[in-house]
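The values are calculated or read from the model by the stated rules, or taken from the named source; none is laboratory data. Bear in mind that the values here come from a model prediction, so they are computed numbers and not experimental data. A quick note on method: Cβ atoms are made from the backbone with ideal geometry, for glycine too, and the neighbour counts reach across all protein chains shown. Note: areas computed on protein heavy atoms with side chains; ligands, DNA, RNA excluded. Shrake-Rupley method; radii C 1.70, N 1.55, O 1.52, S 1.80 Å.
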Amino acid sequence: AGPDYSADPENQFAKCRAAAKLGLRFAVQCPQPDEIKVAPVAGDEVSKDLHPLNDRPQRMAALPEVKLREHVRAWMDRFLLDPELDAAVVAWAVTPEELRPWKQEEVAYLAIFSDEIQRHDPRHRPVFMYEPNHRTAQDLAATRGATSALLMGLYTSLYGWTPRRAVRINWAMDQILKEADASGRLPVAGLELSQDLPGFSEKEIAAEPAKAEQLSTLIQNDVWLALARGAKAIQVWSWHEARPKYTTNIRQVAAYAKAMQALTGSADLQKPFLFGERRNDLRLAIAGGKEPMLAAGPADAVAKDGWIKAGQWPAVRLVNLALDGSRTLLLVNSGTEPVEAIVSGFPAGWRYTAVVSVAGAVAKPHPDNPASALAVSLPPFGVWMVLNIAQPGMP
């Protein structure tokens with residue numbers, strides 16, 4: 001859970017304590033100093049208005065480093081010196097978020113803020129700053145050395161039943177992974193929970209009840225695609241049930257929960273994604289021989305995410321993870337057309353247990369080669385995942 005954006009710090013302490021009692025971990029939002037947040041006026045009074053953004057770099061540069069470090073330590077101590085809160089903290093978030101990589105003062109502020117967090121936390125938990133959806137790998141490189149977790153938005157709520165969702169996720173994961181691979185930072189996918197998807201309001205679901213399951217399918221697909229691309233963590237931003245144009249909040253929460261329960265349930269599927277080694281000794285083919293692709297091009301410049309000028313990604317992803325003498329296979333179809341996927345290369349005697357099926361995805365031995373190939377039927381936005389329980393001959 002968290003971070004919390006409440007202006008009242010007591011709310012954050014209360015929510016962290018509530019998370020602890022539920023057995024959840026909590027990401028703590030470290031507030032910015034008042035010298036950055038507000039503007040002085042005549043006399044000793046302080047304005048309640050946020051200071052204009054274009055004046056923020058100068059304010060950051062004027063704030064003495066020792067004072068910034070004292071501010072960070074004082075806030076952290078509210079959690080570190082309380083055993084219940086300290087046990088619940090999983091990460092620290094820097095504010096202001098979305099600091100601009102082209103502003104030297106903002107990058108320097110982030111470096112000091114993050115450095116003090118890492119110095120002051122005896123458990124050295126991850127430090128992150130929310131990066132907005134349009135940041136490129138070059139932009140993300142500006143925070144290298146400051147944050148240990150690289151979290152950027154992969155927001156898809158502008159899109160409903162369209163492969164454009166996967167274009168957004170693939171483009172963003174390209175940026176995140178390029179920088180994470182170069183810096184060693186933890187790649188984190190920031191998914192969204194803040195408004196109805198187009199075509200999927202509560203009113204539209206009431207008129208077409210089948211849309212309830214479609215909505216769940218879309219959100220689950222977002223999660224599994226981000227993991228298939230290489231995300232090591234997922235954060236879902238920014239749940240508040242009172243947001244305007246948001247009638248399906250509980251449905252969306254339930255969809256995210258399905259994926260999270262699969263990851264953290266009895267099969268413990270998070271382990272292969274965190275620690276497994278990606279292998280390429282299995283082959284993926286599409287029945288009929290035509291591989292569906294997702295693409296972005298010049299026509300997308302009119303979209304709200306028009307910074308994706310060009311790109312092409314496969315609509316179907318196969319992830320093949322080896323860990324502790326076992327394999328985990330994940331197949332994700334992020335297109336609006338059903339796909340018959342053929343996975344081949346299994347040694348004789350290989351057996352598996354299906355653990356995830358989204359949208360009714362199913363598999364059976366391939367009729368032409370039942371001992372070493374599977375035919376997987378992937379509906380639109382379908383996901384299928386297995387664990388193998390015996391794999392003679394597969395290292």
TODO: May I ask you to order 276-284, 106-114 by the average number of other C-beta atoms within 10 Å around their residues, highest value first?
DONE: 106-114, 276-284
Task: Accessible area expressed per residue, the chain, with surrounding protein chains retained (probe 1.4 Å, Å²) - done: 47 Å²
Task: Residues whose placed amide H lies under 5 Å from that of TYR352, excluding near-sequence neighbours - done: ILE389
TODO: Round to the nearest 10 and give me the degree value, 0 to 90, for the angle of helix 65-80's Cα axis relative to the longest principal axis of the chain.
DONE: 60 degrees
Task: Eligible lysines near LYS364 by straight Cα distance, threshold 22 Å, same-chain separation 8 or greater - done: LYS290
Task: Rg and Dmax [Cα atoms of the stretch 93-165; Å; Rg one decimal, Dmax integer] - done: 14.3, 46
Task: Cα centroid separation - the stretch 325-395 against the stretch 148-197, whole Å - done: 26 Å
- [ ] Would you kindly compute the Cα radius of gyration of the stretch 47-192 and its largest Cα-Cα separation (Dmax), both in Å?
- [x] 16.7, 51
Open item on the list: So if each residue of separation counts as 0.36 nm, and I subtract the Cα-Cα distance between ALA354 and ASP82, what length gain in nm does that give?
Closed with: 93.6 nm
TODO: Bin width 5 Å, alpha-carbon pairs only: give the P(r) of the stretch 227-266 as whole percents, running from 0 to the bin holding the largest distance.
DONE: 5, 17, 26, 22, 15, 11, 4, 0
Open item on the list: With the alpha-carbon atoms as the only input, what is the per residue convex hull volume for the stretch 139-253 in Å³?
Closed with: 98 Å³
Open item on the list: Once R0 is set to 35 Å, what does the formula 1/(1 + (r/R0)^6) return for the Cβ-Cβ distance between SER344 and ILE250, expressed as a FRET efficiency to the nearest 0.05?
Closed with: 0.25
Open item on the list: Rounded to the nearest 10 Å², what accessible area does ILE342 have for a 1.4 Å probe in the complete protein model?
Closed with: 40 Å²
Open item on the list: I'd like the distance separating the alpha-carbon centroids of the stretch 242-293 and the stretch 69-117, in whole Å.
Closed with: 31 Å
- [ ] List, in order, the whole-Hz ³J(HN,Hα) value for each residue of the stretch 336-345 obtained from phi through the Karplus relation with A = 6.51, B = -1.76, C = 1.60 and θ = phi - 60°; use x for Gly and Pro.
- [x] 8, 10, x, 9, 9, 9, 10, 10, 10, x
- [ ] Could you calculate the contour length gain from SER238 to LEU22, that is, 0.36 nm times the residue separation minus the distance between their Cα atoms, to one decimal place in nm?
- [x] 75.8 nm
Task: Residue (of ALA228, THR353, ILE205) at the positive-pole extreme of the chain, dipole from beta-carbon charges - done: THR353
TODO: Any chance you could run the full-extension gain for ALA371 through ASN280? It's 0.36 nm times the residue separation minus the Cα-Cα distance, nm to one decimal.
DONE: 30.9 nm
TODO: Could you give the C-alpha radius of gyration of the stretch 238-330 expressed as a fraction of 2.2 N^0.38 Å, taking N as the number of residues it contains?
DONE: 1.52
Task: Within the chain: Cβ-based charge dipole about Cα centre, in debye rounded to nearest 20 (Lys, Arg +1; Asp, Glu -1) - done: 1020 debye
Task: Unsatisfied cross-links (Cα-Cα over 24 Å) in the set LYS103/LYS245; LYS211/LYS245; LYS15/LYS203; LYS178/LYS211; LYS21/LYS232 - done: LYS103/LYS245; LYS15/LYS203; LYS178/LYS211; LYS21/LYS232
